[in-house]
Amino acid sequence: MVGPLVGLLHDEDLWFLSTVVAAEPGVPFDLEEVPWAIETIRKAFAAEGRWVSAELIEEANPGLAEALAANGMTLVSRPPLLVVEPADLVLPEFPEGVTASVVSAPEEQAEVDAVAAAAYEMQLGERIFQADPVNGASILVRADGVPVATAVWTAVADGVTEVAGVGTLPSHRRRGLGALATAYATQQAFELGGATLAWLTPGDDGADRIYRRLGYTPQATAVHLGDPGRPPERPPLTPHAQATSPARRLWWPGRPPLTPHVQATVRLGDHGGRPSANPERSADSPPRRARWPERPRLLRAPGDICRLGAAFAEFAR
């Protein structure tokens with residue numbers, strides 16, 4: 001933790017596994033701390049060859065994105081943050097020959113990895129299969145027995161999960177399979193993972209319309225930022241990759257999602273107060289760098305993500 005920011009570093013050098021988030025969503029931040037905080041994180045990321053990107057929720061920390069932009073970061077996108085509760089989810093009908101299932105074995109997880117890599121046209125690493133749906137899981141859509149689409153939900157914390165990693169093989173696009181994968185993953189996150197609220201961010205206006213037809217509605221605004229330039233390990237998106245999925249934001253093993261931030265914002269209309277700032281922290285406190293001692297299991301152990309979200313649970317409710 002460095003002032004109003006937290007830098008999350010992962011051992012793997014895939015660009016999207018490391019990111020910067022707000023330290024205390026819902027708590028006012030000191031504008032004067034931002035230059036020092038982002039420069040400290042840049043040095044820590046540069047020491048391990050990481051590109052600096054940030055993901056925020058605008059309503060949780062108003063002005064923080066603009067402060068980062070004033071200190072050299074680029075505002076990449078401001079997609080709506082869409083949410084859905086179990087009673088509002090709309091599950092499309094399955095076309096003839098199409099089935100969907102939750103991954104239940106390492107062999108099926110390997111099929112998910114292969115579909116996702118082909119859909120996004122980039123190497124995403126391998127996700128280690130784990131059996132407890134509370135810790136997140138993948139779903140696989142098959143057409144005539146062949147794996148063609150996939151999606152995941154993340155570890156459930158305080159009843160909240162993210163649905164992401166939606167991908168469809170180029171040969172099977174524009175058949176509604178991405179929407180089907182999204183809806184089915186959401187349904188299973190509710191039924192098997194015990195989630196009471198799911199969220200996602202659409203990649204474009206077309207995706208936004210698709211997700212709203214599934215019952216998702218806007219609740220907040222996500223903000224994606226990055227330092228100038230492209231991370232060296234991130235290939236440019238080809239037209240196929242751009243059309244891969246309504247959700248172009250990736251989630252993969254060890255990726256710290258915005259779930260705690262969503263806990264602090266998606267129920268803004270319901271909260272009855274915001275948590276106070278940490279009384280033990282002051283402007284003179286030394287920077288605390290966030291390193292996860294067991295990063296590969298960052299999001300696969302429910303305790304890890306629940307502890308991370310605990311500080312924001314009061315604001316979420």
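Take the residues in the stretch 1-24 that are in contact (Cβ under 8 Å) with a residue 24 or more places away in the chain, under 11 Å from Ala37 (Cβ atoms) and out of contact with any Gly (no Cβ under 6 Å at 6 or more places or on another chain); name whichever of them is surrounded by the fewest Cβ atoms within 10 Å (Cβ to Cβ).
Within the stretch 1-24, the subset in contact (Cβ under 8 Å) with a residue 24 or more places away in the chain is 1-22, 24.
Applying the additional criterion that residues be under 11 Å from Ala37 (Cβ atoms) yields 1-7, 20, 22.
Okay, now just the ones that are also out of contact with any Gly (no Cβ under 6 Å at 6 or more places or on another chain), so 1-7, 22.
Values: Met1: 16, Val2: 22, Gly3: 22, Pro4: 22, Leu5: 26, Val6: 21, Gly7: 27, Ala22: 24.
The extreme case among them is Met1.
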Residues being surrounded by 24 or more Cβ atoms within 10 Å (Cβ to Cβ) and either within 19 Å of Thr217 (Cα to Cα) or at pLDDT below 95 (or both) - total across the stretch 165-179: 5
Residue list for the stretch 1-23, restricted to those being farther than 30 Å from Tyr120 by Cα and in a loop (DSSP other than H, G, I, E, B): Met1, Gly3, Pro4, Ala23
Residues located in the stretch 1-60, provided they are under 15 Å from Asn71 (Cα atoms) and of a type in the set (D, E, K, R): Asp30, Glu32, Glu33, Glu39, Arg42, Lys43
Candidate set: the stretch 117-136, residues that are closer than 22 Å to Val156 by Cα, at pLDDT 90 or above and not acidic (Asp, Glu); chosen: the one surrounded by the fewest Cβ atoms within 10 Å (Cβ to Cβ): Val134
Only listed residue being under 26 Å from Leu200 (Cα atoms) and in a loop (DSSP other than H, G, I, E, B), chosen from Gly72, Gly26: Gly26
Of all residues making up the stretch 172-190, the number that are touching a residue at least 60 places away in the same chain (Cβ under 8 Å) and part of a helix (DSSP H, G or I): 12
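The values are calculated or read from the model by the stated rules, or taken from the named source; none is laboratory data. Predicted model, so just to flag it, every value in this text is computed and none were measured. Please note: Cβ atoms are built from the backbone with ideal geometry, for glycine as well, and neighbour counts cover all protein chains shown.
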